[in-house]
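K.L.:
Let me give you the structure first, and then I'll get to my questions.
The values are calculated or read from the model by the stated rules, or taken from the named source; none is laboratory data. All values reported here derive from a predicted model rather than from experimental measurement. Don't worry about glycine lacking a Cβ; one is built from the backbone with ideal geometry, like all the others, and counts go over all protein chains shown.
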Amino acid sequence: MTASDAFADAVAAAILRLLTDDPANARKLRAAMLAVSTAATPSVCTKRECAMALGVTTATIDRAVRNGCPMEHVGTLRRFDLAKVRAWFESRGRRTVRPDDEDPINVTTLVERHHARRRRKSA
């Protein structure tokens, strides 16, 4: 088990405790996770990160680049400024699937992964 797996297990276990203890904790947890995810969102990201943040596919990002979507070259790598890409989509009349204030963290998926790891360990 890697350190990131252990961390994910610990976070999932903490989430389960909070969610089962008191429903009010679920609202507090969501607000805290949203704050962390917003703070952790990089201003310059990869194509995959950009697509995930906007709720579109990487193919959509590729088409957008061919049509003039702003991007930066860092050496031979392409990087995207999320705010500029979002503004570009909006200027062309396309609203991205995921707005700025939507929570990109799916707690259900995190909890399901935790349960799957525990089942694999006990088997």
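K.L.:
Among the residues of segment 59-73, count how many are farther than 13 Å from Trp88 by Cβ and surrounded by 13 or more Cβ atoms within 10 Å (Cβ to Cβ).
P.N.:
So the count comes out to 1.
K.L.:
Would you tally the residues in segment 49-85 being β-branched (Val, Ile, Thr) and assigned to a loop (DSSP other than H, G, I, E, B)?
P.N.:
The qualifying residues number 3.
K.L.:
Does Arg95 meet the test of being among the basic types (Lys, Arg), at pLDDT 90 or above and not assigned by TED's automatic domain parsing to the domain that holds Ala14?
P.N.:
Against the criterion (among the basic types (Lys, Arg), at pLDDT 90 or above and not assigned by TED's automatic domain parsing to the domain that holds Ala14), Arg95 does not qualify.
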